[in-house]
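Participant: Have a look at the structure that comes next, please.
The values are calculated or read from the model by the stated rules, or taken from the named source; none is laboratory data. These figures come from a predicted structure and were not determined experimentally. Note that we place each Cβ from the backbone using ideal geometry, even for glycine, and neighbour counts take in every protein chain shown.
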Amino acid sequence: MDEPDEDEDMQIEVNGVPFIAEEDFLNKHGKEFSLTFSDKKEVVLTATAS
């Protein structure tokens, strides 16, 4: 797994799965997400807070 960049990235956990995202993205979309699967068995990460 990639390590977060010191200045720009943050690591959060969604359903026990670690995700690394840019801090600006998390500031815009929040830090609460749900993790589901599509009909094609693709992972879908959805922001749950505004």
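Participant: Could you give me the residue pairs with C-beta distances under 7 Å whose first residue belongs to the stretch 13-38 and is within 12 Å of residue 49 (Cβ to Cβ), whose second residue is surrounded by fewer than 13 Cβ atoms within 10 Å (Cβ to Cβ) wherever it lies, and which are 6+ apart or on separate chains?
Facilitator: 30/49; 30/50; 32/48; 32/49; 33/46; 33/48; 34/46; 34/48
Participant: Which condition from (1) modelled with pLDDT under 90; (2) at negative phi; (3) surrounded by fewer than 11 Cβ atoms within 10 Å (Cβ to Cβ) is the one that residue 42 breaks?
Facilitator: The number of the failed condition is (1).
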